[in-house]
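Enquirer: Questions regarding the structure given below will be posed in turn.
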Ligand code: ADP
């Protein structure tokens with residue numbers, strides 16, 4: 001049994017026996033001591049002589065032939081003269097003790113690793129894991145460790161103890177996916193992996209929860225082979241806290257996320273254990289303003305009375321195992337809240353969620369109301385509202401509003417309604433095809449065409465349609481409306497025709513027709529007007545009528561337009577224009593103002609007639625009459641000129657006589673010469689005035705004092721009248737207002753009247769009569785009176801004296817034109833000429849408006 005070693009007193013080995021003897025490595029020399037058989041550290045046990053070792057328990061470790069150490073324990077016995085060491089193999093005992101120690105150490109390490117990871121703050125977890133990996137790597141004498149976690153469907157490196165010798169993350173990924181989940185794997189045991197990993201050794205340890213591997217610990221360059229039993233607890237200690245903390249964090253994030261989502265949705269959970277009150281999700285209860293815990297009676301009291309019975313029935317059925325699902329109103333707040341209540345029986349309690357759907361319900365109600373309004377509108381619309389469906393590029397009628405039958409007499413399901421193209425007027429077929437093309441191309445269309453009703457009559461229809469497309473942009477349907485515009489279209493046609501007629505009338509009219517704005521710019525003018533203005537009718541537009549008028553004419557014209565009112569829109573006048581390349585033109589011009597609702601003048605329509613020829617002959621007539629007057633005056637004028645000649649002759653003769661007598665008195669001579677000069681001046685004035693009077697009148701009138709015409713006439717006639725014995729009485733007025741017209745013409749009128757008075761006085765009284773001229777003023781008028789006492793005019797003839805060629809005078813004496821021409825002149829100046837018999841003679845009155 002065991003090993004017996006016989007020794008002498010010097011501890012030299014005499015003999016060996018026992019089964020262990022064969023395992024010992026024997027020293028090479030003879031006479032070896034027991035020490036030579038032992039490991040060096042066992043020498044310490046055997047100090048001194050064998051006698052010293054007696055009674056001691058001796059633990060001795062021997063060299064063996066196999067190279068390992070043989071652990072023995074025993075004691076020394078006295079055997080005769082020598083000693084015997086009785087030893088037993090305690091290798092197993094020691095091994096057990098060692099592995100117990102090792103296990104304890106590993107357990108300690110596991111506890112420390114676990115504690116370190118559990119205590120690490122959230123932010124430092126990776127760092128702590130890295131540190132613990134480092135520690136484990138030292139413990140296992142591995143080059144590097146790496147912890148891979150399963151996250152988001154793939155393996156992610158979570159922490160690493162050192163520089164990782166395996167660069168290919170991707171290859172690792174696919175390996176880990178294929179690995180059997182249950183055991184420690186060592187690439188050294190799998191030659192094919194070893195080749196794949198280019199010889200790098202790798203040991204993989206799984207961490208499982210249930211059947212699922214949650215993490216792999218990868219150990220690179222492990223010196224000794226790891227044992228699953230010893231490595232697993234350490235792996236657990238490392239991975240478990242990391243994984244569980246990560247799961248916890250993830251769960252927290254999810255819960256938080258869920259809370260947020262519920263908050264946004266207005267949703268939350270509820271649960272109702274049997275025989276206990278209803279419990280609500282705190283945040284849901286807060287958002288709905290409800291208590292967290294409610295009895296059944298409290299809960300039902302919150303439900304709107306109309307929803308209470310369905311709620312109660314649904315609840316009973318839910319307790320019986322049916323699914324709970326209904327929408328109801330809660331009336332605890334001012335405005336009822338709509339909620340969706342769903343749940344199910346689960347492990348003896350009802351559980352589910354509550355969703356606030358007030359906004360949804362409100363939208364639903366609004367949409368419903370809008371839809372109802374729209375339907376009402378469609379039903380009551382006079383237009384036909386229709387929907388056409390697109391079927392492979394063709395448009396087929398699908399829906400028509402109720403007004404289809406009253407409008408066209410078609411039934412909703414008739415063939416025409418399905419294919420309206422069949423009822424389109426033959427002349428409008430092209431339009432109809434164009435409509436479909438435009439719709440499909442542009443997405444909308446508006447056209448006017450004729451559709452046949454059920455009685456065969458045609459209606460003008462305004463068709464307005466829009467194309468709707470589906471999500472892919474493909475044409476889906478057409479929505480449109482038809483409006484019966486027959487009346488409007490026919491009325492427009494009638495208007496067009498009548499416009500055409502009037503247009504032709506206006507175009508072909510010999511009169512000038514135009515429209516112009518209040519600033520005198522032309523909007524339209526016909527051909528006669530264009531011809532007068534030497535341009536085309538098109539060029540007329542935009543031209544200003546005022547450019548052919550003098551400043552005075554234009555002012556007068558504008559003043560006349562300003563006087564137009566909606567009540568008095570018409571006005572006419574004779575206007576004078578300076579036309580291009582011509583002398584003055586006179587147009588009789590009639591205006592009609594067009595006003596807006598506020599009574600503002602927008603435009604003027606005018607019709608004009610050229611009066612230039614008439615004017616010209618009038619002027620010639622006037623001139624003729626003037627010349628006749630001059631002729632009549634000739635006798636009187638000869639006298640007028642003769643008189644000063646006689647005076648001058650006398651003065652000259654007397655002066656000469658004195659000179660011949662040698663009686664030269666300078667004062668006398670000077671007096672004579674002055675008299676001659678005065679007479680020359682008087683004659684020159686007369687001749688000058690006659691020249692002015694004989695001239696043709698100016699085209700346009702000017703302002704002048706009416707009395708100046710009296711003075712002119714008197715100057716011409718004064719001497720002649722006095723010569724005939726007529727007393728001329730002229731009352732010079734203090735105020736001499738102005739009138740508008742031609743002074744020479746008014747003077748001619750006065751000359752006519754004075755000559756007529758002279759003739760009557762000569763005829764009736766042999767010249768012994770009186771001629772009075774004076775002026776009076778009444779409301780804006782100047783009145784010039786010419787009164788004689790020549791017996792007046794026969795009342796029977798009074799009516800006729802203004803007629804042309806009426807005269808009572810002998811042939812060759814009177815022309816009968818004087819009064820007629822005078823009447824015309826005064827009327828042209830806007831005044832009137834009248835006559836009366838009074839104070840034994842005729843009394844003429846010229847009445848003129850003050851300018
Ligand atoms: P005429 O002088 O050439 O006859 P008028 O037209 O001037 O032509 O006059 C027409 C007529 O009116 C005269 O012929 C005369 O009979 C009458 N008449 C005009 N003025 C007077 C007057 N002052 N007194 C009497 N008769 C007058």
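The values are calculated or read from the model by the stated rules, or taken from the named source; none is laboratory data. Keep in mind that this is a model prediction, so the values were computed, not measured. So basically every Cβ, Gly included, is an ideal-geometry build from the backbone, and we count neighbours across all protein chains shown.
Enquirer: Could you tell me how many of the residues in the stretch 17-42 are in contact with a helix residue (DSSP H, G or I) (Cβ under 9 Å, 6 or more places away or on another chain) and within 20 Å of residue 89 (Cβ to Cβ)?
Expert: Result for the stretch 17-42: 6.
Enquirer: If residue 762 passes every condition in (1) buried (at least 20 other Cβ atoms within 10 Å of the Cβ); (2) within 16 Å of the ligand (Cβ to nearest atom) but one, which one does it miss?
Expert: (1)
Enquirer: Further, regarding this structure: Only residues that are more than 9 Å from the ligand (Cβ to nearest atom), under 21 Å from residue 745 (Cβ atoms) and out of contact with any helix residue (DSSP H, G or I) (no Cβ under 8 Å at 6 or more places or on another chain): list them for the stretch 829-846, please.
Expert: In the first step, residues of the stretch 829-846 are kept if they are more than 9 Å from the ligand (Cβ to nearest atom); the result is 829-834, 836, 838-840, 845-846.
Next cut, under 21 Å from residue 745 (Cβ atoms) only: 829-834, 845-846.
Listed by number, the residues that qualify are 830, 831, 834, 845.
Enquirer: Here's something else I'd like to know. Let me spell it out: the conditions are (1) surrounded by 12 or more Cβ atoms within 10 Å (Cβ to Cβ); (2) over 20 Å from residue 345 (Cα atoms), and residue 281 meets all of them except one. Which number is the exception?
Expert: Looking at each condition in turn, residue 281 falls short on (2).
Enquirer: Hey, another quick one. Which of (1) near the ligand (Cβ under 9 Å from one of its atoms); (2) free of Cβ contacts under 8 Å to residues at least 60 places away in the same chain; (3) touching a helix residue (DSSP H, G or I) at 6+ places or on another chain (Cβ under 6 Å) does residue 752 not meet, given it meets every other one?
Expert: Result: residue 752 fails condition (2) only.
Enquirer: Going by what's in this entry, would residue 723 be described as at pLDDT 80 or above and at positive phi? Walk me through how you get there before you give the answer.
Expert: Working: at pLDDT 80 or above: yes; at positive phi: no.
It is false that residue 723 is at pLDDT 80 or above and at positive phi.
Enquirer: Specify the residue that is nearest to residue 458 (Cα to Cα); the eligible residues are those in the stretch 420-439 that are surrounded by fewer than 15 Cβ atoms within 10 Å (Cβ to Cβ) and touching a strand residue (DSSP E or B) at 6+ places or on another chain (Cβ under 8 Å). Talk me through it step by step, then tell me what you get.
Expert: Taking the stretch 420-439 and keeping what is surrounded by fewer than 15 Cβ atoms within 10 Å (Cβ to Cβ), we get 422, 426-427, 429-430, 433-434, 437.
Narrowing further to those that are touching a strand residue (DSSP E or B) at 6+ places or on another chain (Cβ under 8 Å): 427, 434.
Numbers: 427: 12, 434: 20 Å.
Residue satisfying both the conditions and the ranking: 427.
Enquirer: Out of the strands (runs of 3 or more DSSP E) lying entirely within the stretch 736-847, which hold 3 or more residues that are modelled with pLDDT of 90 or more and closer than 26 Å to residue 723 by Cβ? Give the steps one after another, and end with the answer.
Expert: Details: elements: 738-741, 770-778, 781-788, 832-838.
In the stretch 736-847, 770-778, 781-788 are the strands (runs of 3 or more DSSP E) which contain 3 or more residues that are modelled with pLDDT of 90 or more and closer than 26 Å to residue 723 by Cβ.
Enquirer: Can you pull out the residues in the stretch 756-776 that are free of Cβ contacts under 8 Å to residues at least 60 places away in the same chain and under 14 Å from residue 735 (Cα atoms)? Give the steps one after another, and end with the answer.
Expert: Kept after step one, since they are free of Cβ contacts under 8 Å to residues at least 60 places away in the same chain, are these residues of the stretch 756-776: 758-759, 761-768, 770-772, 774, 776.
774, 776 - these are the residues of the stretch 756-776 that are free of Cβ contacts under 8 Å to residues at least 60 places away in the same chain and under 14 Å from residue 735 (Cα atoms).
Enquirer: Search the stretch 794-823 for residues being touching a residue at least 40 places away in the same chain (Cβ under 8 Å) and in contact with a strand residue (DSSP E or B) (Cβ under 9 Å, 6 or more places away or on another chain), and hand back the single one that is nearest to the ligand (Cβ to nearest atom).
Expert: 819
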